[in-house]
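> Dropping the structure in here first, questions after.
Any read-out appearing in this document is the output of simple, stated calculations on the displayed coordinates, not a laboratory observation. All values reported here derive from a predicted model rather than from experimental measurement. Here the Cβ is made from the backbone with ideal geometry for all residues, glycine too, and neighbour counts use every protein chain on show.
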C-alpha cells in the first residue's frame, strides 16, 4: 500500500479541513444578526481569508465568537481592542476599505 504522502491523501485531508473551516467561518461572517455587521465582517472575510495562515484562521475563529457590537466597535475605533486581538488583523479591519455595499 503506498504511503499517504505518495497518493496525496494526507495533503487532501489538510485541504479539506482548511476548506471546511473556511466554509464555517464564511457562514458565521455573513450571518451575524445585523446587516451592518454582516457587511463589515463578511466583506472582511471575503477580501482577506484566502491569504490567511493557519494562525490567522485560528485568530479569526476566536474573534468571530465575540459580540458584533464589540467587533464593530474595535473596527470603528469606538472601543479599545483587547490585548489578545491587537495586531495586523484588527488593524486591517479598522481600515474599512474592504466593505462593499450593494446599491439598488
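> What number, rounded to the nearest 500 deg cm²/dmol, is the helix-based mean residue ellipticity at 222 nm of the chain, given -39500 (n - 2.57) per DSSP H run of at least four residues and division by all its residues?
It lands at -16000 deg cm²/dmol.
> Considering every pair of different Cα atoms, what Kirkwood radius, in Å, is found for the chain?
Details: mean 1/r = 0.0667 Å⁻¹.
Over the chain, the inverse of the mean reciprocal pair distance is 15.0 Å.
> Moving on to the next point. For labels at residue 91 and residue 31 in the simple 7 Å Cα→Cβ model, what's the distance in nm?
3.4 nm
> Sticking with this one: Based on other C-beta atoms within 10 Å, arrange 74, 30 from fewest to most.
30, 74
> Round to the nearest 10 and give me the degree value, 0 to 90, for the angle of helix 9-30's Cα axis relative to the longest principal axis of the chain.
It works out to around 20 degrees.
> Let me ask something else about it. Expressed in nm to one decimal, what extension gain is obtained for the pair residue 58 and residue 70 from 0.36 nm per residue of sequence separation less their Cα-Cα distance?
2.5 nm
> Can you pull the three principal axis extents for the Cα set of region 8-58, in Å, largest first?
Here the spans come out as 41, 17, 15 Å, largest first.
> At a 10 Å Cβ-Cβ cut-off, how would you order 32, 24, fewest neighbours first?
24, 32
> Report, to the nearest 10°, how far helix 54-63 tilts away from the longest principal axis of the Cα atoms in the chain, using its own Cα long axis and a range of 0 to 90°.
In the chain, helix 54-63 runs at an angle near 40 degrees to the longest axis.
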